[in-house]
1. What number goes with the only condition from (1) of a type in the set (S, T, N, Q); (2) surrounded by 14 or more Cβ atoms within 10 Å (Cβ to Cβ); (3) free of Cβ contacts under 8 Å to residues at least 40 places away in the same chain that Ser35 does not pass?
2. Looking at region 70-110 only, could you name the residues that are surrounded by fewer than 21 Cβ atoms within 10 Å (Cβ to Cβ), closer than 22 Å to Glu39 by Cβ and aromatic (Phe, Trp, Tyr)?
3. Are any residues in region 4-32 part of a helix (DSSP H, G or I) and either of a type in the set (S, T, N, Q) or more than 21 Å from Gly106 (Cα to Cα) (or both), and if so, which ones?
4. Can you name the residue in region 85-115 that is out of contact with any Asp or Glu (no Cβ under 9 Å at 6 or more places or on another chain) and in contact (Cβ under 8 Å) with a residue 40 or more places away in the chain and is also nearest to Glu31 (Cα to Cα) among such residues?
5. Check Glu8 against each of (1) touching a residue at least 24 places away in the same chain (Cβ under 8 Å); (2) under 22 Å from Leu81 (Cα atoms) and name the one condition it does not meet.
6. Return only the number of the condition from (1) more than 17 Å from Gly115 (Cα to Cα); (2) not in a loop (DSSP other than H, G, I, E, B) that Leu38 does not satisfy.
7. Mind listing whichever residues of region 45-69 are in contact with a helix residue (DSSP H, G or I) (Cβ under 6 Å, 6 or more places away or on another chain), aliphatic (A, V, I, L, M) and crowded, with 17+ Cβ neighbours inside 10 Å?
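Since every read-out is calculated from the coordinates, none of them should be taken as a lab result. Here the structure is a predicted model, which is why all the values come from computation and not from measurement. No Cβ is skipped: glycine too gets one built from the backbone with ideal geometry, and neighbour counts run over all protein chains shown.
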Amino acid sequence: MKRPSYREIDRKLKAAGSAVESGNVFLIKQEIIASDALELGYLIDEDLHMILAELIAVTSPNDYRGTRPPQRSYEKEIEGLDLFAFQVKSVILACDVYYKFAIRDGCFYLVSLHG
């Protein structure tokens, strides 16, 4: 069976939801995420947690758009971690959104979030 399995993706989404709910969110490549936030029309400080919570809540393993096996991060903060990418419709942002993240030790690392 190719990784990630439906079950593995489901577990990652649950872990992501818990991390976001706990406020354990870290941004990788902050300048890129900030630029994309401007294009999507939201404020990182005020809206990001709410948007991430919505995205994770509406995401299912069927929305997985990453590679099989998952791509590994080369970013210093999360080097070697699997990256999980999804595309879903955001009601808050009123568009389809692509987002990619990694999870480690109860922390959510946002790598990408754009329309």
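1. Failing condition for Ser35: (2).
2. Tyr98 - this is the single residue of region 70-110 that is surrounded by fewer than 21 Cβ atoms within 10 Å (Cβ to Cβ), closer than 22 Å to Glu39 by Cβ and aromatic (Phe, Trp, Tyr).
3. Within region 4-32, Ser18, Gln30, Glu31, Ile32 qualify.
4. Looking at the filtered set, the residue picked out is Leu110.
5. (1)
6. (1)
7. Leu52, Ile56
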